[in-house]
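Novice: After the structure tokens below, expect a handful of questions from me.
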Amino acid sequence: MKIGIYDPYLDTLGGGERYCLDIAACLGRAHDVCVFWDDPSILSQAQKRFHTDIAKIRVSPNFWKTENLIFKLQESRKYDALFMVSDGSIPSTLAKKTFLIFQFPVITTRGLLENLKMQKITGILCYSQFVKKFLDKQFEKQVIVLTPSVDLEAFKPGKKEQLILSVGRFTKGKNIKKQEFLIDVFKKLSEKYLKNWRLVLAGGMLSKDADFVDSLNNRAKGYPVTIMPDATFFEIQSLYGKARIYWHAAGFGEDLTLHPERAEHFGLTTIEAMSAGAVGVVFAGGGQREVVEDRVSGFLWHTQEDLMRITNSLIGKPKIWLRVSKAAQRRAKDFSRERFCSEVHQLL
């Protein structure tokens, strides 16, 4: 089969982009798969960031950017299946099958044209039940939850250090990770409790967000906080192995009823950390609630006081940390690449 994948945000190389490339990697073993993008180096950049097996994937010119509707329809007709990340709009396609991917909850109004376009959409894909419940209200088309996967062999426990880790893109955009909040909480804890502990914030960064990273560095001055923009896969892999505790705060302080897109849509980095034996202490909102079994394979928190109390408890009670760490590794196995690829192939 001839299969095309289009993600208009591909150059951000975030979790959603890895999701699309994981789909490509699964299908590329048996089919002719291309990614629509104008810069052929995007796959080598992705390989460096994600360490995903995309050797059999090729790059094709991105005809989706053209304003010529007839040309887009003619080109799309050549494909047996398309997987397309939506920016909120509905694409025009004549492919045999088209799966529309929504990375976050959307609240849209649609007219006659959008409804006509939806007739050519085979199904809607999303990461979590959290996202699905919003999409179900917007679309009559079937919404399928295809949860992301983790390369369990890549993330293993190492020699643990007194390290708290958080991984996420450094951005001021919609899916903000609240790194400034985590720095402030760590500063409060380190003044009283976290002697000889350090905090590492790692992830990708676009050039437009360099000033945000500068502000984080200024905020952390004088404290054992390390900020790693554009961290490589191997650097993050090593950090997961060393970290005892994993923090995540996306969605905290937001009205997630009015702005569900500001929550964590799933929690892929949380699973990576769990696979490496780090204990997740994550905000109890969005898709994280589907990843972490509270007080079993990790901890969910609602307030800053919760986050501080749970962190202190884990530091002071190593037996609890060890029990939850082992449960986290077991839980991570539910998100294997084998399970993911099997579900992807079932879509076709």
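The values are calculated or read from the model by the stated rules, or taken from the named source; none is laboratory data. This one's a predicted model, so the numbers in the text were calculated from it and none came from an experiment. Note that each Cβ is placed from the backbone with ideal geometry, even for glycine, and that neighbours are counted across all protein chains shown.
Novice: Any idea how many residues of segment 308-331 are among the β-branched types (Val, Ile, Thr), free of Cβ contacts under 8 Å to residues at least 24 places away in the same chain and either buried (at least 19 other Cβ atoms within 10 Å of the Cβ) or not in a helix (DSSP H, G or I) (or both)? Steps first, please.
Specialist: First, the residues of segment 308-331 that are among the β-branched types (Val, Ile, Thr): 310-311, 315, 320, 324.
Applying the additional criterion that residues be free of Cβ contacts under 8 Å to residues at least 24 places away in the same chain yields 320.
Now restrict to residues that are either buried (at least 19 other Cβ atoms within 10 Å of the Cβ) or not in a helix (DSSP H, G or I) (or both): none.
Residues that pass the stated criteria total 0.
Novice: In addition: Considering only residues that are within 18 Å of the chain's Cα centre (by Cα), hydrophobic (A, V, I, L, M, F, W, C) and assigned to a loop (DSSP other than H, G, I, E, B), look in segment 219-255 and name the one that is surrounded by the fewest Cβ atoms within 10 Å (Cβ to Cβ). Working first, answer last.
Specialist: The initial filter retains those residues of segment 219-255 that are within 18 Å of the chain's Cα centre (by Cα), namely 228-237, 239-240, 246-252.
Filter once more, keeping what is hydrophobic (A, V, I, L, M, F, W, C): 228, 231, 233-234, 236, 239, 247, 249-250, 252.
Then keep just the ones that are assigned to a loop (DSSP other than H, G, I, E, B); that gives 231, 249-250, 252.
Details: Ala231: 20, Ala249: 24, Ala250: 24, Phe252: 23.
Out of the qualifying residues, it is Ala231.
Novice: Follow-up. I'd like to verify a number: residues in segment 217-251 that are within 24 Å of Ala263 (Cβ to Cβ) and of a type in the set (Lys, Arg), how many?
Specialist: 1
Novice: Another question about this same structure. Filter segment 115-144 down to the residues that are buried (at least 18 other Cβ atoms within 10 Å of the Cβ) and either outside the structural domain of Ile54 (by TED's automatic domain parsing) or of a type in the set (Val, Ile, Thr) (or both) and list them by number.
Specialist: Ile121, Thr122, Ile124, Val131, Val143
Novice: All but one of (1) part of a loop (DSSP other than H, G, I, E, B); (2) within 23 Å of the chain's Cα centre (by Cα); (3) more than 21 Å from Thr270 (Cβ to Cβ) hold for Ala210, so report the exception by its number.
Specialist: Of everything listed in (1) part of a loop (DSSP other than H, G, I, E, B); (2) within 23 Å of the chain's Cα centre (by Cα); (3) more than 21 Å from Thr270 (Cβ to Cβ), Ala210 misses just condition (1).
Novice: Name every residue in segment 205-218 that is charged (D, E, K, R) and surrounded by 15 or more Cβ atoms within 10 Å (Cβ to Cβ), in order of residue number.
Specialist: Going through segment 205-218, the residues charged (D, E, K, R) turn out to be 208-209, 211, 214.
Within segment 205-218, just Asp209 meets the criteria.
Novice: Right, another one. Given the criteria within 24 Å of Gly267 (Cα to Cα) and out of contact with any Gly (no Cβ under 9 Å at 6 or more places or on another chain), does Leu113 qualify? Steps first, please.
Specialist: Working: within 24 Å of Gly267 (Cα to Cα): no; out of contact with any Gly (no Cβ under 9 Å at 6 or more places or on another chain): yes.
Considered against the rule, which asks whether it is within 24 Å of Gly267 (Cα to Cα) and out of contact with any Gly (no Cβ under 9 Å at 6 or more places or on another chain), Leu113 comes out as no.
Rundown of residues vs (1) farther than 25 Å from Lys172 by Cα; (2) of a type outside the set (Phe, Trp, Tyr); (3) touching a residue at least 60 places away in the same chain (Cβ under 8 Å), yes/no style:
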| position | (1), (2), (3) |
| --- | --- |
| Thr12 | no, yes, yes |
| Cys34 | yes, yes, no |
| Ile54 | yes, yes, no |
| Asn62 | yes, yes, no |
| Thr66 | yes, yes, no |
| Tyr79 | yes, no, yes |
| Met84 | no, yes, yes |
| Ser92 | yes, yes, no |
